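The values are calculated or read from the model by the stated rules, or taken from the named source; none is laboratory data. Source: prediction; values computed, not measured. Heads up, the Cβs are rebuilt from the backbone with ideal geometry, glycines too, and the neighbour counts pull from every protein chain shown. Just the protein is used for accessible areas: all its heavy atoms, side chains included, with ligands, DNA and RNA removed. Shrake-Rupley method; radii C 1.70, N 1.55, O 1.52, S 1.80 Å.
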Amino acid sequence: MKSTSLHIILASLAAVVVCVALYLVFFVAPTEATLGIVQKIFYFHVASAMNMSLAFGVCAIAGAVYLLAKSNKWRKRADALGVATAEAGVMLGAMVMVTGPLWAKVAWGTYWTWEPRLTLSLMVFLLFVAYLALRAYAGSDAFGRSIAAGLAILGLPGLYFIRVAVERWGGAHPQVIYKGGLSHPAMRQAFFASIAAMLLVSASLVVLRFLIERRRQTLDELFLEADKIFG
Amino acid sequence: MGRQYLAILGKDLLVEFRTREILLTMALFSMLLVIIFAFAFLSDPTKAKDYGPGIIWVTVLFSATIGQNRLFDRERENGCLWGLLLSSVDAGTIFLAKATAQFIFTLLMELPTILLIILFFDLPLVQPMEFIASLLLGTVALSLVGTLFSAMLMNARMKEVLLPLVTYPLLVPVVIAGVKVTSVAVGAPVNEDAWMWLKFLLGFDMIFAVATWFLFGRMIRA
């Protein structure tokens, strides 16, 4: 199958790029002067946060296609893509939520601050969790899926408003600046490599999950047909 | 469309004013919440201005959820919603009528609850107009998002848990804006521009009104 080979290519590419990124992060990029070794969390943290936002965007588009498309074929594809990106998004979100406080404890002296970017990441994570909960528990198949798709679509304007609100909400506090910008070229290199690595890992996971979901859909259809013949 | 809208809304209000199921449960629940909050927070009455606005909005949000869970109960019994959808009424009209009903119920619940909070916590309303505006705009937002997902989750096994799980993340901006305006309205020492937050709420209402109205028709057909 063509799509299976796409997954194998993506996964092997991811394996290579992850190794390169790890090498660049730990052996090439210099250790930051004030934060020390902890600063290296930054490479993984920001990369997973960026990919989480991307996953949410794709999930919302898939939701829109699911609700708007006329043909059943496209609806099923969009649905499979939606669940694949949402699950990858929850995984990335969990990484953001674990690495973020570890970084913050050293950089800002506290595990959690209600800094706009942190708050926004938390809300994206929560929306993804709600999406998966809806798919799992909201009753009969098609219904749960369409509610989840609706949530993913409403999430886009929702996140815009959340962003505006948390930025103005924190208005009285000083804007926290990321300590130790990427001044060194080797740091920048490692940073871009880790973004690429995380993107490839997420993409291969999404493709794999998408394929599994498509097989499950095919199996469901076969079940229905078999039911017609033998039932 | 206007006549159909009024017919559905009128039916909801009439049934509710006869049975008072949603209104009574919401109002009783909100009063209990206020009493719990009073026991939990009222150790230092001089600080009431700091946490009073938060208590008002948490109470409104939680009690509105209680009402939203029940909003489509009558449509579920005997498959009434399918009957409505099969009739010539546009799905968007059904949504707007149900959302308006929920808006009125929530507002009626808020009236005694907020009076009680103001009395218990001794909050001075120095800018009542701003507070009322934020309450109206915030309730519109709660009703729109709540009605959409309450209708969709009507038949879900775990709807009582799923409804807040889905709506609260989306309603975070409303709570933030509402608390900000209310803090200004009770004269808390905060440096906030109440009008900016009211405009923010208005923008939220307008975008979500269009989005939820559009999505309702799409989602219910699935």
Exercise. Checking A:Leu200 against (1) farther than 30 Å from A:Glu32 by Cβ; (2) open to solvent by less than 40 Å² (accessible area, probe 1.4 Å), which single condition isn't satisfied?
Worked result: (1)
Problem set entry | Which numbered condition A:Ala104 misses (of (1) at pLDDT below 90; (2) open to solvent by 10 Å² or more (accessible area, probe 1.4 Å); (3) part of a helix (DSSP H, G or I)) | (2)
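Rundown of residues vs (1) at pLDDT 90 or above; (2) within 8 Å of another protein chain (Cβ to nearest Cβ), yes/no style:
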{"position": "A:Phe128", "(1), (2)": "yes, no"}
{"position": "A:Arg135", "(1), (2)": "no, no"}
{"position": "A:Ile162", "(1), (2)": "no, yes"}
{"position": "A:Ala165", "(1), (2)": "no, yes"}
{"position": "A:Ile177", "(1), (2)": "no, no"}
{"position": "A:His184", "(1), (2)": "no, no"}
{"position": "A:Ile195", "(1), (2)": "yes, no"}
{"position": "A:Met198", "(1), (2)": "yes, no"}
{"position": "A:Ser202", "(1), (2)": "yes, no"}
Seminar exercise, completed: Of A:Thr4, A:Thr34, the only residue that is open to solvent by 80 Å² or more (accessible area, probe 1.4 Å) and out of contact with any His (no Cβ under 8 Å at 6 or more places or on another chain) is A:Thr34
For this session: Note down all Cβ pairs under 7 Å where the first residue falls in region A:2-24 and is more than 28 Å from A:Met187 (Cα to Cα), the second is in a helix (DSSP H, G or I) and of a type outside the set (D, E, K, R), and they're at least six residues apart or on different chains.
Result: A:Ser3/A:Leu211; A:Thr4/A:Leu211; A:Leu6/A:Val207; A:His7/A:Ser204; A:His7/A:Val207; A:His7/A:Leu208; A:His7/A:Leu211
Problem set entry | Boolean, A:Ile41 is open to solvent by 20 Å² or more (accessible area, probe 1.4 Å) and in contact (Cβ under 8 Å) with a residue 40 or more places away in the chain | yes
Exercise. Which one of these is among the hydrophobic types (A, V, I, L, M, F, W, C), away from chain A (no Cβ under 14 Å), closer than 24 Å to B:Leu33 by Cα and open to solvent by 10 Å² or more (accessible area, probe 1.4 Å): B:Leu115, B:Leu71, B:Leu144?
Worked result: B:Leu115
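What is the residue count in region B:18-59 for residues that are over 18 Å from the mean Cα position of the chain (by Cα) and either open to solvent by 90 Å² or more (accessible area, probe 1.4 Å) or not aliphatic (A, V, I, L, M) (or both)? Don't jump to the end; show me each part of the working.
As a first pass, look at region B:18-59 and keep what is over 18 Å from the mean Cα position of the chain (by Cα): B:18-19, B:35-52.
Next, only the ones that are either open to solvent by 90 Å² or more (accessible area, probe 1.4 Å) or not aliphatic (A, V, I, L, M) (or both) stay: B:18-19, B:36-37, B:39, B:41, B:43-47, B:49-52.
The total comes to 15.
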Seminar exercise, completed: Per the list (1) closer than 23 Å to B:Phe41 by Cβ; (2) crowded, with 17+ Cβ neighbours inside 10 Å; (3) charged (D, E, K, R), residue check on B:Lys98 breaks on (1)
Exercise. Taking region A:140-166 only, how many residues are over 19 Å from the mean Cα position of the chain (by Cα), free of Cβ contacts under 8 Å to residues at least 24 places away in the same chain and in a helix (DSSP H, G or I)?
Worked result: 8
Problem set entry | Among the candidates A:Thr85, A:Thr34, A:Thr99, residue that is in contact with a helix residue (DSSP H, G or I) (Cβ under 8 Å, 6 or more places away or on another chain) and over 28 Å from B:Gly217 (Cα atoms) | A:Thr99
Exercise. Taking interchain pairs and intrachain pairs at least six residues apart, which have beta carbon atoms under 6 angstrom, with the first residue in region B:65-79 and among the acidic types (Asp, Glu) and the second not in a helix (DSSP H, G or I)?
Worked result: none
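Here is a check on your reading of the model: is B:Val174 under 21 Å from B:Ala101 (Cα atoms) and either facing another protein chain (nearest Cβ under 9 Å) or surrounded by 24 or more Cβ atoms within 10 Å (Cβ to Cβ) (or both)? Talk me through it step by step, then tell me what you get.
Working: under 21 Å from B:Ala101 (Cα atoms): yes; either facing another protein chain (nearest Cβ under 9 Å) or surrounded by 24 or more Cβ atoms within 10 Å (Cβ to Cβ) (or both): yes.
Judged against the criteria, B:Val174 is a match.
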For this session: Within region B:188-220, count every residue that is under 28 Å from A:Gly144 (Cβ atoms), within 8 Å of chain A (Cβ to nearest Cβ) and open to solvent by 10 Å² or more (accessible area, probe 1.4 Å).
Result: 3
